[in-house]
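The values are calculated or read from the model by the stated rules, or taken from the named source; none is laboratory data. Model, not experiment: these values are computed from the prediction. So basically every Cβ, Gly included, is an ideal-geometry build from the backbone, and we count neighbours across all protein chains shown. Accessible surface is based on the protein model in full, side chains and every heavy atom, while ligands, DNA and RNA are left aside. Shrake-Rupley method; radii C 1.70, N 1.55, O 1.52, S 1.80 Å.
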Amino acid sequence: MLALRTALGRCLAGPARGAAAVLRSARGSEAAACSPFIQAARCYARPVRRKRKDIPSHLDDLPPTMLKKDYADVPIVNSVDDVVRRLLSLEMASQKEKVKIKIQQLVEKVRRSPNDNGSFEVQVAVLTAKIRTYEEHLQRHPKDKSNRRHMLMAVDRRKKLLTYLRRVRYDTFKSTCEQLNIQYSLPPPYSRRITKRGLVKKAFCLKVFQEARKLKAAERLKKRREWQERARAAREEKQAQSEGTPV
């Protein structure tokens, strides 16, 4: 009976002893984590943060005291408090509002008249401001695929407009590139590497074309003679009508 009680007590005390051992091990790990050696190792393994490079922006020439686009033409702005004027200036403006001001400045350089808002020069100016904004963003975030796609689309569109201006109005094209500081490069001429397979294919195609032309020569000659006969008959009929003789 006594042996049975002793075995039962050991069984009941087992879980408690196990929990105590776990608690002691947890306390030991906390103490080890708080030890100076572990702290030094953690400080040593901390990742080094790289300093961001100062990327020049095409918006740096905008003075911070300039008013936003929506408040520039409001006459009451000149009589407001300095705090309110500071809130309405570019010092507190977002990137989007600064880009609007920049677009307006570039458009003013190349527009034909004060009411010109859709000519080719104005479209080139708008696309130039957007392209430069995309370029600055991609310098900071080179993995942004969406902005890269939009930038390439804008570059392609501007290139088409400049190509048309260069072909139709060269003086306007030249002045637009000078005013907007655009370096236009001519597209490379089309060239294909000459290969033996290409030469054989070209010779075969020429031979097939010549044979087909020989087969159709008789039919073309027949059609040409019919057309000449109809033209001769029409000429004779017109001549007979002009002379007044019955046909």
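Summary table below
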quantity: Among 180-186, 102-108, the order from most to least packed when residues are scored by Cβ within 10 Å on average; calculated: 102-108, 180-186
quantity: Whichever lysines have a C-alpha closer than 30 Å to that of Lys100, once near sequence neighbours (fewer than 8 apart) are set aside; calculated: Lys51, Lys53, Lys68, Lys69, Lys109, Lys130, Lys143, Lys145, Lys159, Lys160, Lys174
quantity: Packing-based ranking, highest mean first, of 163-173, 226-236 given that Cβ atoms within 10 Å are counted; calculated: 163-173, 226-236
quantity: Cα pair distances in segment 168-245, grouped into 10 Å bins until the bin that holds the longest one, percent each; calculated: 13, 15, 13, 13, 20, 17, 8, 1
quantity: Solvent-accessible area, 1.4 Å probe, carbon plus sulfur percent, for segment 135-247; calculated: 54 percent
quantity: Solvent-accessible area per residue, Å², over segment 78-158 with all protein chains present [probe radius 1.4 Å]; calculated: 64 Å²
